[in-house]
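A quick write-up on the structure given underneath.
The values are calculated or read from the model by the stated rules, or taken from the named source; none is laboratory data. Fair warning: this is a prediction, and the values are worked out from it, not measured in the lab. Calculation scope for accessible area: heavy atoms of the full protein, side chains included, ligands and nucleic acids excluded. Shrake-Rupley method; radii C 1.70, N 1.55, O 1.52, S 1.80 Å.
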Amino acid sequence: MSGEFQLIERHFSGWPIDKAQIKLGVGDDCALLNLGAEEELAVSVDTMVAGVHFLPHTPPAIVGYRALAVSISDLAAMGASPFAFTLALTLPKNDDVWLAEFSRGLFHAASLFGISLIGGDTTRGPLSISIQVMGRGVSGCAVTRASAKPGDEVFVSGYLGGAGVGLAQAKQHPDLRSLSLRELINNADCPLSRFLVPSPRLALGECLAGQASSCIDISDGLVGDLGHILAASECSASIRLDRLPVSQEVRDFAGDDWWRHALSFGDDYELCFTASPEQWLSLSESSRFKAISSEIPISKVGVITEGSGLKLLDDSGVELELVSGAFSHF
Ligand code: ADP
Ligand code: MG
């Protein structure tokens, strides 16, 4: 387990929760709070620090859009529908032009994803943006990380590794400041957009609510994030290399290492979910799921098994060595 997650487990997990309304605390994409008999609230907070989560010189409209999109991805991972968010901003100075652009991007995302700003906090210091998102879901239908079972199949939405290529392109970009939010959104599949303006898979997540056995959003790479499902569900998985959805751009970028790149680079914000064969049958027959999967490919990449840890198999079933490269802050 990487340093960041060890730190969380050692110091912030396992404390008593004595409120019956708190259904799920530390350890998943969101916490879950009862809203009454029929509904529950999914809550998650994410921080973006300048120079760590985004490159200096990223246009502020893109920073605002990305901060909200990334936070909302945790709602998608639970199958919750966006409701409201709070914003804690730490700013080096009161820069009206920067703030006008930042809020333009932020509220563009807010209107696209159907979420409202309801409060926050503003302080002075090195640039950092924390967004807490709240989403609603039907009681008992949230898709957690902890219920995958041997025999379930493992699925991934979209393509893996594109955002990693986008990050490399952004680092080498001759004029990052000139990038336009609108153009990036209009070209959502290009690597730069995959990194700078990710698309949280909200419609897919809502469709999986009550219909999949587990789900996580891929923020740190499939190896690390599927690893969280396996740890929480106390099981193992075999993943087939030839089933991984990897674009030609990623293969060209990473050469022979394309699969390591696709498995360990994060920031794609696709969903990885598991479903039993019966759940998959019912999902794949639903018209809502058919409509979503006609726009976003859903790939069956492997299967959940007894045991622990992740196995990667090549086309002939031979196990490959996995050197995990999931990102950790510590
Ligand atoms: P995600 O990538 O889905 O946003 P994280 O990797 O940031 O999730 O966090 C993993 C889990 O640990 C989440 O349930 C999160 O709420 C919890 N967590 C992270 N940092 C803290 C903290 N400082 N205090 C309490 N819980 C934390
Ligand atoms: Mg997450």
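The mean of 1/r over all pairs of different alpha-carbon atoms in region 257-330, once inverted, gives a Kirkwood hydrodynamic radius of 15.2 Å. Rolling a 1.4 Å probe over the protein heavy atoms gives the chain an accessible area of 47 Å² per residue.
If you count the DSSP beta bridges with both ends in region 76-169, what percent of them are antiparallel, to the nearest 5? Expressed as a percentage, antiparallel bridges in region 76-169 total about 55. Using only alpha-carbon positions in region 13-55, the gyration tensor eigenvalues give semi-axes of 28, 14, 6 Å once each is multiplied by 5 and square-rooted (largest first).
Determine which aspartates and glutamates satisfy two conditions relative to LYS23: a Cα distance under 16 Å, and not lying fewer than 8 residues away in the same chain. In chain and number order, the partners are GLU38, GLU39, GLU40. Rounded to whole Å, the principal axis extents of the Cα atoms in region 73-155 read 54, 24, 21, largest first. Within the same chain, lysines fewer than 8 places from LYS300 are excluded, and of the rest, those with a Cα less than 23 Å from its Cα are LYS149, LYS290, LYS311. Rg and Dmax of the chain, both derived from C-alpha coordinates alone, stand at 19.3, 59 Å.
Projecting the alpha carbon convex hull of region 81-212 along each direction and taking the average yields 10.5 nm². Dividing the convex hull volume of the alpha-carbon atoms in region 177-330 by its residue count gives 145 Å³ per residue. Separation of region 269-303 from region 190-251 is 12 Å, based on Cα centroids. Considering every alpha-carbon pair of region 156-263, the percent of pairs per 10 Å bin, from zero through the bin containing the longest distance, is 13, 39, 33, 13, 2.
Here region 22-135 is treated as a Stokes sphere of Kirkwood radius computed over C-alpha pairs; at 37 °C and 0.692 mPa s its diffusion coefficient rounds to 226 µm²/s.
So which lysines pass the test for LYS19, namely a Cα distance under 22 Å, with those fewer than 8 places away in the same chain ruled out? Partners within reach: none.
With a 1.4 Å probe and all protein chains left in place, how much of the accessible area of the chain comes from carbon and sulfur atoms, in whole percent? Percent of accessible area from carbon and sulfur atoms in the chain: 53. DSSP assigns beta bridges within the chain; of those with both partners inside it, close to 75 percent run antiparallel. Each 5 Å bin, from zero up to the one with the longest distance, holds this percent of the alpha carbon pairs of region 226-293: 3, 12, 17, 20, 19, 17, 9, 2. Shown here is the pair-distance distribution of region 175-215: with all Cα-Cα distances grouped in 5 Å bins from zero up to the longest one, the shares run 5, 21, 20, 14, 12, 12, 9, 4, 2, 0 percent.
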